[in-house]
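Beneath this line is the structure, given in structure tokens, with notes to follow.
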Amino acid sequence: MILNTELEYKGNLFPSKIISYKKDIDTLYFTSENNVVLQLTIERDSVLRFRYSTTGIFDTDFSYAISQFANKGFNHLEITENDTNYIITTSKLICHISKLDMRKSIYDAKDSSLICEDELGFHWEESYEFGGDIVKMSLKSQQSENYYGLGDKPVENNLKGKRFQNWVTDSYAFDRGTDPIYKAIPFYTALHHAKSYGIFFDNSFRSYFDFCHERRNITSFWAQGGEMNYYFMYGPDMTEVVSNYTDLTGRPQHIPPLWALGYHQCKWSYYPESKVKDIAAKFRELKIPCDALYLDIDYMEGFRCFTWSKEHFPNPKKMVKELANDGFKTIVIIDPGIKIDKEYTVFKEGLENDFFCKRADGPYMKGKVWPGECYFPDFTNPKVRDWWSNLFKELIEDIGVNGVWNDMNEPAVMDVPGKSFPNDVRHNYDGNHCSHRKAHNIYGMQMARATYHGLKKFSYPKRPFVITRAAYSGTQRYTSTWTGDNVATWDHLSIANQQAQRMCMSGFSFAGSDIGGFAEQPNGELFARWIQLGVFHPFCRVHSSGDHGDQEPWVFGSSITAIVRKFIEIRYQLLPYLYTTFWRYVGEGIPILKSLVLFDQEDPHTHYRNDEFIFGEKILVCPIIEPNAKGRRMYIPRGRWYNFWDNTIEIGGEEKWVDADIDSMPIFIKEGAIIPKYPIQQYVGEKVIEQLELDVYFKMGKESSEVYEDAHDGYDYKKGRYSLRNFNQVGKNNSLTIQQFKSGKYATSYATFKINVHGLPFKISSVEVDNEKIDITKLNGDVTFIIPKEFRELYIIGK
Ligand code: GLC
């Protein structure tokens, strides 16, 4: 009879008992009798790194994911031992390493509760095919433990019961549950007993995660090569876990320029030039705000990167300039495949310098993409990245293009099994030469990195803008992203919602979907509902494959156009709010969208919610994801919320029906919030902001809000030229006080705030600004007044 346990152990090798232990500053080495070494590094009090070698020797310690700016250091470290365990104690965690079998268990240092515990722990199988090991880890799933994260997986928020693969894959018209798709982000957050921790498995080989799918109470992860090398990050707050992860893998190196948070319009493809101009003109004519237009592959000469079609774009510099005069930024696509063509400079340079990827025995890696047969730069070679980044000089500096869109960088190869390079392709991997098995998942990331550095250099003193399709952990440092080739269906609208939330939870907040769907065509209702969702995504772009009809805001009839305009206008009004959340994301790694579980992990009702999310800190949004809806049921999280449309109050903590006809959607504002708003502009910078509106939502008690501003582009903010306003609101039975604390050296263009107060529970008898009464005789019902922006205290007194 074969017992389960025998199957589990089949082919697997395990560490035996620990025979020696050594400490080197922040790193401990435990060696087993069978020569397994566990290298345990105390990165921070709440972050531990576990790395295992099965031979006693470690690979060179190199990772594309880990940021050079990751914080290191701890407040407390104590190592003791008893008969059975080594015990490592930091100010946040207690970690036991079993002397018998190297298994670990981790406890909260505050209350000694169990957080995470090995089942089989580290084990491995030797890989006869490739050498090295298939490295594995299994953990016990704790009671009611749930799992979130993993990048772009097109499934429900909660990953429990499912198995996934991390292998960056071109996935045209992917579907709910397709796995893997474009991104490999081997990081998840687990939650049980209201406490949360994260695991980042920093291994770029094809890897797998199993969340109680194969075995009901076991979570495991493994990779087809490389080392078992993972980081354990403790919260106990989920936000803290994600923030720890982005501390480790990096945050964007700067806030995006404000225009990048505007509305973007894309299609495969807008050409010739006259078509691009028509589109631009139509936006302005119909007064639909828009900041960026995209040129897909047809702008090039025969799909050769860094060239322009002479026929369709005879004078790109002039066109880009004219678009800029009308407030449009131009963004162009650049793919990795370089056409094999001896007359083509980029190809010639790549060949002369030996910059293209090669197969194991020496021939070039040849593959078919849009231009036909191509060679592919090895972006894992620093010299290649440098060369690539310099290729952008003309596009950016001379022609004036404002952003670059990296696509097909999985790398996608047409008409071959696996849709990518074969395993034997060789890569430089920054001097750690390896095969494509190891480099595949990071290839697109390194392309985006090289592109980013080029744009950064040539856009200076402006901030660069890059968008990528493929990504590995850490790619968020360089670029924004979108979720790839989705489909114009209602289910895809819901998938887009999930994916954007999941990307934010996975440390990569600057993300959005192809609004309206890439493949096939939405009807007006679906398009309008998708716009409603899309304006609340950090990245907001309509894109479509173009062969199924048009997808501009005006093609579905005037009533849909009006709805689309209305929602894009809301996004433009909320730009200072969104910019502030970006500032928080860039500075602290706080996700821009918060799934309800991330917003209130202590409420078990949130653990399986999918549709509702918090946009920034204070705005609750729930898209309508079905046709013919007049509203929907949704879960309103705990607390008091104002309906955005009519300021009625909802008490959260339960599911409720919310009306939302086609021109509306459920939006709620957290009580106590102060939401900053700009006037509607047709593009960022169209108007000088002469007044900042502050929508104040009364709360009985205290709440704080903030508004971050700067020049909206450039780097001066890094030298202190920013304006940060912290508002503390205190609401009482018959008074409301708002105090403002201002920091930073940036002088905003406006002199006054227009304050709109919602939900005051009393009639106003007087209003004082910095102890001076202001004239309120003109108040007529709606409580709106204008006060100087430098006020310190606003005091509204009831009758
Ligand atoms: C890929 C991209 C898509 C783009 C198309 C043509 O399918 O995902 O966004 O439009 O290639 O470049």
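The longest part of the chain holding none of the exposed loop GluC sites (Glu not before Pro), meaning those outside H, G, I, E and B in DSSP with at most 16 other Cβ atoms within 10 Å, is 344-601.
Using the 1.4 Å probe convention, the accessible area of the chain works out to 36 Å² per residue with neighbouring protein chains retained.
Phi-derived couplings, Karplus 6.51 cos²θ - 1.76 cosθ + 1.60 at θ = phi - 60°, listed residue by residue for region 55-62: 10, x, 10, 9, 5, 4, 7, 9 Hz, with x used for Gly and Pro. Label point of Thr307 set 7 angstrom out along Cα-Cβ; within region 362-379, amide nitrogens under 11 Å from it belong to 371.
Here the spin labels are modelled as points 7 Å beyond Cα on the Cα-Cβ line, and at Lys718 and Lys763 they lie 5.7 nm apart.
For the residue pairs Lys92/Lys618; Lys104/Lys656; Lys92/Lys594, the C-alpha atoms sit more than 32 angstrom apart in Lys104/Lys656.
Per-residue ellipticity at 222 nm, computed for the chain from helices alone with -39500 (n - 2.57) per DSSP H run of at least four residues, works out to -5500 deg cm²/dmol. For Lys799, a cut-off of 19 angstrom between C-alpha atoms picks up these aspartates and glutamates, skipping any fewer than 8 places away in its own chain: Glu768, Glu772, Asp775, Asp782.
A cut-off of 5 Å between modelled amide H atoms, ignoring neighbours fewer than 5 places along the same chain, links Glu693 with Lys677, Lys754.
Other residues whose C-beta falls under 11 angstrom from the C-beta of Pro411 contribute a net charge of -3, scoring Lys and Arg +1 and Asp and Glu -1.
Computed from phi, the 3J(HN,Hα) profile of region 694-709 under the Karplus parametrisation 6.51, -1.76, 1.60 (θ = phi - 60°) reads 10, 8, 9, 10, 4, 9, 6, x, 10, 7, 10, 9, 8, 10, 10, 9 Hz, with x in place of Gly and Pro.
Charge dipole of region 344-436 (Cα centre as origin; +1 on each Lys and Arg Cβ, -1 on each Asp and Glu Cβ, all else neutral): 260 debye, rounded to the nearest 20.
In this simple spin-label model, placing a label point 7 Å from the Cα along the Cα-to-Cβ direction at both Lys72 and Ser559 gives a separation of 6.3 nm.
Given their separation in residues at 0.36 nm each and the Cα-Cα distance between them, Glu214 and Glu654 gain 155.1 nm when the chain is fully extended. Between the amide H of Asp514 and those of Thr483, Gly484, Asn486, distances stay under 5 Å, these residues lying 5 or more places away or on another chain, with hydrogens modeled in the peptide plane.
Amide H contacts under 5 Å for Ile592: none, restricted to partners 5 or more places along the chain or on a different chain, H placed in the peptide plane at 1.01 Å from N.
Taking only protein heavy atoms and a 1.4 Å probe, the accessible area of the chain is 48% carbon and sulfur. Karplus-based coupling profile of region 672-683, in residue order and whole Hz: x, 6, 10, 9, x, 9, 9, x, 5, 10, 6, 6, with θ = phi - 60° in 6.51 cos²θ - 1.76 cosθ + 1.60 and x standing for Gly or Pro. At 7 Å along Cα-to-Cβ for each site, give me the label-to-label distance between Asn34 and Trp645 in nm. Roughly 6.4 nm, to one decimal. Annotation: extensible slack from Glu602 through Lys799 equals 67.0 nm (criterion: 0.36 nm per residue apart, minus Cα-Cα distance). Summing Cβ point charges (Lys, Arg +1; Asp, Glu -1) relative to the Cα centre of the chain gives a dipole of roughly 1360 debye.
In region 382-466, taking the dipole from charged Cβ atoms about the Cα centre, the farthest positive-side position among Phe421, Val466, Gly431 is held by Gly431.
The values are calculated or read from the model by the stated rules, or taken from the named source; none is laboratory data. It should be emphasised that the depicted structure is a prediction, and the values quoted were computed from it without experimental measurement. As a convention, Cβ positions derive from the backbone with ideal geometry for all residues, glycine included, and neighbour counts pool all protein chains shown. Remember, those area values only see protein heavy atoms, side chains included, never the ligands or the DNA or RNA. Shrake-Rupley method; radii C 1.70, N 1.55, O 1.52, S 1.80 Å.
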